[in-house]
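Asker: First the structure, then my questions, so here it is.
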Amino acid sequence: MASQRQIHVGGVPVGGGAPVAVQTMTKTETANLPATMAQIRTVADAGADIVRVAVPREQDAEALKTIVAESPIPVIADIHFNHTLALKAIEAGAHCVRLNPGNIGGPDKVAEVIALARQHGTPLRVGVNSGSLPKHLRQLEYDNPVEALVTAAVETVALMERLGFEDFKVSMKSTSVPNTIASNRLLAERIPYPLHLGVTEAGTKWSGSLKSAVGLGTLLADGIGDTIRISLSTFHAEEEVKVAWEILKALKLRERGPDLIACPTCGRLQFDMDSVVAEVERRLEAYEDPIEVSVLGCAVNGIGEARHADFGITGAKDMGMIYSKGEPLKKVPTAQLVDELFKEIDRYYAAGKTVQRDEAQAADARAWLAENEDATAMTPERIAALEAAAEQEDASADAVLDSMLAPAGAGLDEAESPVAGRRFTRS
Ligand code: SF4
């Protein structure tokens, strides 16, 4: 359920079925141009589609002119409390202005900003924060915080519409993940405008990423949300961008760069997989193609669930193997696994995305795999596969039983059912 309306932040479409746009916010003092521009370039390289900068002072609004001119991606000016700064940001050419109409000094000042935004064709991001809802919603906030947030957002939208302005997206920020999910679900049903999603003040890289993945991932999986920002307590804004991309990639909403698959490891591991995975992940950052690379901690499963990977490695104490699309490529000393993996990947690209296979080396690798495989070992992967197969069998048996019982059971409720304890969906 993408939003019906679409706006454009610079050249980036937001809403109306456009790809979910990734944004972040610089952590620098905006008026410090070298620092701000360096961070904008870093986040753009990491994959940010849009960047937001704080504009709390005159000198920041002044710096916006240069930032907008030099930024490789569209720039949103983030304004609170001061409508004059919003006016200056629009005049400086900001591609979008973020403000909360509730804290900008009253409807007249909002109207003044909107008049100028309309004149310049500048879209706005309007919204509400759980910490600063209007006074008349305080009791509702106490009784029903989700409804209070949604009501405040809908009132903001109504204000925009009364002023004849529809070039905006809406955000509704809460520090609570359940409230973020519930309020955005409700709001998506009530308004046609694009939604900016985020869990505000989510926390550190670790906890904030998880909260954001749960909150935003749930909404995005429902088709709700047109642009996302991951709020992390770090000065490295590019980390926010990386997390946003991982969420979008996990949901297959967008593709960017390689996908690394790695087993969780277990007692069968015989090499330092932590370091190997970290090194593979670091080196993959240099690649833009959505190639899939897998790292398995041992070969006891064979290539197993990594069969579909474009390239992969698995190792034992001294030797390991490189494979591609389920086929062994070559055997190499464990210490050289990562270097040799990347040589193979580079050869693949140099040959126009064709895997380069040396039959003698492949035969050697197959022999190594045969020695190290153990089809009888109960590995985590095999246990999971057995459990999945058992569930599938149960489901099939249920379906057969249901179809056998359906004609005779039609109209019966559970109590009357000839099979005690079984659920019937018809009554
Ligand atoms: S058995 Fe599975 S989880 Fe354990 S090290 Fe081997 S591949 Fe990794």
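Asker: Between helix 33-46 and the chain, what is the angle of the helix's C-alpha long axis to the longest principal axis, kept within 0 to 90° and rounded to the nearest 10?
Answerer: The angle comes out near 40 degrees.
Asker: Cut-off is 10 Å between beta-carbons; in what order do 354, 379, 26 appear when sorted fewest neighbours first?
Answerer: Placing the least packed residue first, the sequence is 354, 379, 26.
Asker: What order do you get for 10-18, 159-167, 98-106 when each peptide is scored by the mean count of other beta carbon atoms within 10 Å, highest first?
Answerer: So the order, starting with the most tightly packed, is 98-106, 10-18, 159-167.
Asker: Considering the chain as a Gaussian network with a 10 Å cut-off on Cα pairs, which listed residue, 393, 70, 340, attains the greatest mean-square fluctuation?
Answerer: 393
Asker: Past the 18 Å Cα-Cα mark, which pairs from 27/252; 252/353; 135/169; 65/88; 27/242; 205/242?
Answerer: 27/252; 252/353; 135/169
Asker: Would you list 308, 95, 80 from fewest to most Cβ contacts within 10 Å?
Answerer: Ranking 308, 95, 80 by Cβ neighbours within 10 Å, fewest first, gives 308, 80, 95.
Asker: Could you tally the net charge around residue 150, taking each other residue with its Cβ under 13 Å from the Cβ of residue 150, Lys/Arg +1 and Asp/Glu -1?
Answerer: Surrounding charge for residue 150 is -1.
Asker: If I fit a long axis through the Cα atoms of helix 58-70 and take the longest principal axis of the Cα atoms of the chain, what angle between them do I get, 0 to 90°, rounded to 10?
Answerer: It is inclined by approximately 50 degrees.
Asker: Could you state the angle between the C-alpha long axis of helix 205-221 and the longest principal axis of the C-alpha atoms of the chain, as a value from 0 to 90 degrees rounded to the nearest 10?
Answerer: Here the helix axis deviates by roughly 90 degrees.
Asker: Still on this structure: Tell me, what is a quarter of the convex hull surface for the C-alpha atoms of the stretch 83-211, in nm² with one decimal?
Answerer: On the way: hull surface 33.0 nm².
Reported value for the Cα convex hull: 8.3 nm².
Asker: Give me a comma-separated list of calculated 3J(HN,Hα) values for the stretch 111-123, in order, Karplus coefficients 6.51, -1.76, 1.60 applied at θ = phi - 60°, integers in Hz, x for any Gly or Pro.
Answerer: Karplus values, whole Hz, x for Gly and Pro: 4, 5, 5, 5, 4, 6, 4, 4, 4, 8, x, 9, x.
Asker: Further, regarding this structure: Using helices alone, what [θ] at 222 nm do you get for the chain, with -39,500 (n - 2.57) per DSSP H run of 4 or more residues, divided over all residues and rounded to the nearest 500?
Answerer: Computed mean residue ellipticity for the chain: -14500 deg cm²/dmol.
Asker: Cut-off under 17 Å on the C-alpha distance; same-chain residues fewer than 8 positions from residue 330 excluded. Which aspartates and glutamates are left, in chain and number order?
Answerer: Within the straight-line cut-off, residue 330 pairs with 310, 318, 339, 340, 344, 346, 358, 359, 364, 371, 373.
Asker: For a quick check: sort 298, 266, 96 by the number of other beta carbons within 10 angstrom, fewest at the front.
Answerer: Arranged by neighbour count, lowest to highest, 298, 266, 96 become 266, 298, 96.
Asker: Still on this structure, I have one more. For the chain, state what percent of all Cα-Cα pairs lands in each successive 20 Å bin, counting from 0 Å until the bin that includes the largest distance.
Answerer: Percent of Cα pairs in each bin: 22, 41, 30, 8.
Computed from the coordinates by the stated procedures, all read-outs in this text should not be read as laboratory data. In this text, all values refer to a predicted model and were calculated from it rather than measured experimentally. Backbone-built Cβ (ideal geometry, glycine too); neighbour counts: all protein chains shown.
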